[in-house]
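Heads up, the thing below is written out as structure tokens.
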Amino acid sequence: MPFHILVVDDDDMNLFLLGKILELEGYQVTVAHNGMEAIQLAVQKMPDLALLDVMMPEMNGYELCQKMRQPPLSTDIPIVMLTAMSSDRERVQALEAGANDIWSKPFEIEIFRQRIGELLIPYK
């Protein structure tokens, strides 16, 4: 059974591109356009990994990450924040919110694929 990855971004093009890259790698992908939709889908589908955009309206990625670390969701789900603006401050904020890592956009696709695989290795 393929790993299930939840991708959350308010930009349809980002969702499409990330979804296609992950599907071509054999992952099952669920996309959400905002934090509330992401929480509902995460509870229903219990993904193996979540990729969260930082800058979203209503609920930003940091707030979403904090909510995803609370029951009924699992603290074991690896969460990666995706941001166009990477600074040490943002990195610290992401880790404090409960993220496993924060990656800068745009990213090299081969590195992205490898890092996704590394996050999922403990669950094989």
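What follows draws every value from the coordinates through simple rules; no lab data is involved. Predicted, not measured: the structure shown is a model, and the values here were computed from it. Virtual Cβ from ideal backbone geometry, glycine too; neighbours counted across all protein chains shown.
Could you check E58 against (1) in a helix (DSSP H, G or I); (2) on the phi > 0 side of the Ramachandran plot and say which number it fails?
Just one mismatch for E58, condition (1).
Applying the selection to the stretch 77-112, what residues are part of a strand (DSSP E or B) and not β-branched (V, I, T)?
M81, L82, D101, W103, S104
Evaluate the stretch 45-52: report whether one residue or more is assigned to a strand (DSSP E or B), surrounded by fewer than 23 Cβ atoms within 10 Å (Cβ to Cβ) and either without any contact (Cβ under 8 Å) to a residue 40 or more places away in the chain or within 13 Å of the chain's Cα centre (by Cα) (or both).
yes
Cβ contacts < 9 Å: first residue within 26 Å of L73 (Cβ to Cβ), restricted to the stretch 96-112; second residue crowded, with 18+ Cβ neighbours inside 10 Å and among the acidic types (D, E), any location; separation 6+ or different chain. Result?
From the stretch 96-112, the pairs are K105/D53.
What number goes with the only condition from (1) free of Cβ contacts under 8 Å to residues at least 40 places away in the same chain; (2) of a type in the set (V, I, T); (3) over 18 Å from G117 (Cα atoms); (4) surrounded by 15 or more Cβ atoms within 10 Å (Cβ to Cβ) that V80 does not pass?
If we test V80 against (1) free of Cβ contacts under 8 Å to residues at least 40 places away in the same chain; (2) of a type in the set (V, I, T); (3) over 18 Å from G117 (Cα atoms); (4) surrounded by 15 or more Cβ atoms within 10 Å (Cβ to Cβ), just (3) comes out false.
Can you find, within the stretch 20-44, the residue that is nearest to E118 (Cα to Cα) among those that are assigned to a helix (DSSP H, G or I) and of a type in the set (S, T, N, Q)? Can you show your working first?
As a first pass, look at the stretch 20-44 and keep what is assigned to a helix (DSSP H, G or I): 20-24, 35-44.
Those still in the list that are of a type in the set (S, T, N, Q) too: 40, 44.
Numbers: Q40: 26, Q44: 25 Å.
So the residue we want is Q44.
Restricting the stretch 104-124 to residues that are in contact with a Phe, Trp or Tyr (Cβ under 9 Å, 6 or more places away or on another chain) and within 19 Å of R69 (Cα to Cα), which is surrounded by the fewest Cβ atoms within 10 Å (Cβ to Cβ)?
Only one residue tops the list, namely Y123.
Out of curiosity, is I116 within 17 Å of L18 (Cα to Cα), part of a helix (DSSP H, G or I) and without any contact (Cβ under 8 Å) to a residue 60 or more places away in the chain?
The answer is no for I116.
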